[in-house]
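Worksheet for the structure shown next.
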């Protein structure tokens, strides 16, 4: 009898501890902000960015608070404007939603191998939504993951 009471009490305590655990709260708290974070490209359509194809540095973007963004394609700098419509789901409001990138401009340096850069710029133009999970930014077009970024520390 005493043993079964101890087991039952242990189970109840475990359930209470698990339900109060901070890890069970929305993960938004640990996700980085979309704006003012430098995001480094790590995948295009599921393909990892191999260091040997990056000529002068990894492509990256950063969104400013004023509705503009800037970045680097691996050879040329880029910039433009963006508009965000946050998610309607309260727990996802800061980490998911619709995004439109517009007025995208870039410098026109001659690049020895601009295939990656051209693909990156082309995919950016099609993006319509985003999700942030921890230190990763997922950019989608029509529900398909196109670009995956990781925050630069």
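The values are calculated or read from the model by the stated rules, or taken from the named source; none is laboratory data. Since the structure is predicted, the reported quantities are computational estimates derived from the model, not experimental observations. As a convention, Cβ positions derive from the backbone with ideal geometry for all residues, glycine included, and neighbour counts pool all protein chains shown.
Of all the numbered requirements in (1) over 20 Å from residue 145 (Cα atoms); (2) in contact (Cβ under 8 Å) with a residue 40 or more places away in the chain; (3) in contact with a helix residue (DSSP H, G or I) (Cβ under 9 Å, 6 or more places away or on another chain), residue 30 misses one, and that requirement is (3).
What pairs can you find where one residue is in region 90-107 and free of Cβ contacts under 8 Å to residues at least 60 places away in the same chain and at positive phi, the other is loosely packed, with under 12 Cβ neighbours inside 10 Å and in a strand (DSSP E or B), and their Cβ atoms are less than 8 Å apart, with a gap of 6+ or different chains? Here the result reads 97/85, each pair linking region 90-107 to a residue that is loosely packed, with under 12 Cβ neighbours inside 10 Å and in a strand (DSSP E or B).
Scanning region 54-69 for residues that are surrounded by fewer than 15 Cβ atoms within 10 Å (Cβ to Cβ), without any contact (Cβ under 8 Å) to a residue 24 or more places away in the chain and touching a strand residue (DSSP E or B) at 6+ places or on another chain (Cβ under 7 Å) yields 57, 67, 68.
Conditions (1) within 15 Å of residue 78 (Cβ to Cβ); (2) surrounded by 14 or more Cβ atoms within 10 Å (Cβ to Cβ); (3) in contact with a helix residue (DSSP H, G or I) (Cβ under 9 Å, 6 or more places away or on another chain); (4) modelled with pLDDT of 90 or more, marked per residue:
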residue	(1), (2), (3), (4)
97	no, yes, no, yes
104	yes, yes, yes, no
112	no, no, no, no
116	yes, yes, yes, no
120	yes, yes, no, yes
125	yes, no, no, yes
131	no, yes, yes, yes
137	no, yes, no, yes
142	no, no, no, yes
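The one condition from (1) under 16 Å from residue 61 (Cβ atoms); (2) in contact with a strand residue (DSSP E or B) (Cβ under 6 Å, 6 or more places away or on another chain) that residue 132 does not meet is (2). Of all residues in region 122-135 being free of Cβ contacts under 8 Å to residues at least 40 places away in the same chain and assigned to a strand (DSSP E or B), which is nearest to residue 39 (Cα to Cα)? This residue is 131. Working only within region 137-153, note down all residues that are more than 12 Å from residue 96 (Cα to Cα) and either touching a residue at least 60 places away in the same chain (Cβ under 8 Å) or in a strand (DSSP E or B) (or both). Those that are more than 12 Å from residue 96 (Cα to Cα) and either touching a residue at least 60 places away in the same chain (Cβ under 8 Å) or in a strand (DSSP E or B) (or both): 141, 144, 145, 146, 147, 148, 149, 150, 151, 152.
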